[in-house]
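Accompanying notes for the structure given below.
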Amino acid sequence: MTGRRAALGLGLAAGAASGAAAQGRPTLREAARGRGLVFGTAVQSQMLATDAGLRALAQREAELWVPAWEAKWGPVQPEEGRFEFAPLRALLQLAQPSGQRLRGHCLVWHEANPPWLAPALAEGPARARRVLEEHFRVVLGTTAPAMRDWDVVNEFIANPPGSDNPSASPGDLRDTPWLRALGPGYVELALRTARQLDRTLRLTLNDYGVEADTPPAAEKRARLLRQVRGLLDRGAPLDAIGIQAHLQMREPFRPEPFITFCQELRSMGLAVLVTELDIREPDVLAPNVPTRDQAVADYIGRFVSAALEGGVRTILTWGLADRESWLVSTPSVARADGATTRGLPFDDALRPKPFRDALLDAFARV
Ligand code: 9MR
């Protein structure tokens, strides 16, 4: 382990005081910690380096950081055999004085991959396996002291008919270059490879589209449960399920089916995390910002309370302030009417919104 620590240049940061309360209420970090919960956020090294306000906010409000980009395959292994850890190191350096821990995201995904990867995987299972094992060996070996929890496979369940982006795949598993190269055993291979390299790493499978009270979400929950049960029956190492929770207010949410889903996962001995919480507002907005923000907060409050009731103890939002949100910067999910999505706990001026209060209130009820 000492060699690994030296490899990334930094170990686990020591716990540090989380700073002043914002506007008379505790920080999310403090409030969560007081209830035995962990609150975290996605961060981007470039943004934290250039935006002092966002940096201070992430340092003050979050206990746990997840790199939104820096640990994905594309940035980490841009060319075969050339590994790049400078952006991750930069994040660790920013985290150290304020005592954040980092979780890893993600080792296997069908997006954010370098151009060389898909052709290499297409060369056949033996080559695909070597490529996977080498990436895991270097990445886990380098990040081990600082990152003890990884999304090993991200978004592996196929979207059922009726979803926003239904998958062509006929089975439970999403059709990806990994599935095509290695067959349905690729998830188990990834988990076993990670466990073999690092016996005490927390291994997580992360997915989305399982939150709402809609037929496609119900089917995706069933697919996830079926796949997870199969993995555990085969003795695959697995510790946790990450529920992304990119919520959409045009979809209904009902606590009961979601709580049952979390409890079923918990009954299999798994931890359940909310890993990427944010929310898209409805197509037709209320006429003023306070009404919009209150509607967002009501939905978030219901969702987070259900998650906590279902046994979730770690909640991460996908960014803290609207100005860093992919819901604002990504054309495919940005609002068609040109309005800025108010889908995170703090506004563009970094002032807390009712979303933040809904989190605090839900934490306080635990
Ligand atoms: O928010 C992330 C964005 O900055 C990246 O460009 C993109 C591609 O790497 O990924 C976004 O994060 C995604 C996450 O990794 C997986 N779940 C969905 C997130 C939003 O697209």
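Could you list, in sequence order, the residues of segment 194-217 that are assigned to a loop (DSSP other than H, G, I, E, B) and within 22 Å of Glu134 (Cβ to Cβ)?
So the first thing to find is which residues in segment 194-217 are assigned to a loop (DSSP other than H, G, I, E, B), and the list is 198-201, 208-214.
Hits for segment 194-217 are Asp198, Arg199, Thr200, Leu201.
I'd like the full set of residues that are part of a loop (DSSP other than H, G, I, E, B) and either in contact (Cβ under 8 Å) with a residue 40 or more places away in the chain or among the acidic types (Asp, Glu) (or both), limited to segment 263-295.
The initial filter retains those residues of segment 263-295 that are part of a loop (DSSP other than H, G, I, E, B), namely 268-270, 281-288.
Matches in segment 263-295: Met268, Leu270, Glu281, Asp283, Leu285.
Within segment 74-99, residues that are free of Cβ contacts under 8 Å to residues at least 24 places away in the same chain sit with their Cβ atoms under 7 Å from residues that are surrounded by 21 or more Cβ atoms within 10 Å (Cβ to Cβ), at 6+ positions apart or across chains, in these pairs: Glu84/Val76. Taking Pro287 as the residue in question, decide whether it is away from the ligand (no atom under 16 Å from the Cβ) and either surrounded by fewer than 22 Cβ atoms within 10 Å (Cβ to Cβ) or under 22 Å from the mean Cα position of the chain (by Cα) (or both). Yes. For beta carbons closer than 8 Å, sequence separation of 6+ or different chains, a first residue in segment 33-53 that is under 22 Å from Leu359 (Cα atoms) and a second that is aromatic (Phe, Trp, Tyr) and within 15 Å of the ligand (Cβ to nearest atom), the qualifying pairs are Gly40/Trp65; Thr41/Trp65; Thr41/Trp318; Ala42/Trp65; Ala42/Trp318; Val43/Trp65. Under the condition of being surrounded by 17 or more Cβ atoms within 10 Å (Cβ to Cβ) and not in a helix (DSSP H, G or I), the residues counted in segment 310-349 number 20. Every condition in (1) of a type outside the set (A, V, I, L, M, F, W, C); (2) at pLDDT 95 or above; (3) more than 14 Å from Ser98 (Cα to Cα); (4) surrounded by 15 or more Cβ atoms within 10 Å (Cβ to Cβ) is met by Arg4 except one, and the failing one is (2). Against the criterion of being without any contact (Cβ under 8 Å) to a residue 40 or more places away in the chain and outside any helix (DSSP H, G or I), Pro119 does not qualify.
For Asn154, state whether it is surrounded by fewer than 19 Cβ atoms within 10 Å (Cβ to Cβ), under 23 Å from Trp69 (Cα atoms) and either touching a residue at least 24 places away in the same chain (Cβ under 8 Å) or within 16 Å of the ligand (Cβ to nearest atom) (or both). First the steps, then the outcome.
Working: surrounded by fewer than 19 Cβ atoms within 10 Å (Cβ to Cβ): no; under 23 Å from Trp69 (Cα atoms): yes; either touching a residue at least 24 places away in the same chain (Cβ under 8 Å) or within 16 Å of the ligand (Cβ to nearest atom) (or both): yes.
Here the answer is no, as Asn154 does not meet what is asked.
Just a yes or no: is a residue in segment 315-326 of a type outside the set (Val, Ile, Thr), away from the ligand (no atom under 16 Å from the Cβ) and at pLDDT 95 or above? The answer is no; no qualifying residue exists. Among all residues of segment 61-69, there is at least one that is more than 14 Å from the ligand (Cβ to nearest atom), closer than 30 Å to Ala364 by Cβ and not hydrophobic (A, V, I, L, M, F, W, C).
The values are calculated or read from the model by the stated rules, or taken from the named source; none is laboratory data. Only a predicted model underlies this, so the values are computations on that prediction, with no experimental measurement involved. Please note: Cβ atoms are built from the backbone with ideal geometry, for glycine as well, and neighbour counts cover all protein chains shown.
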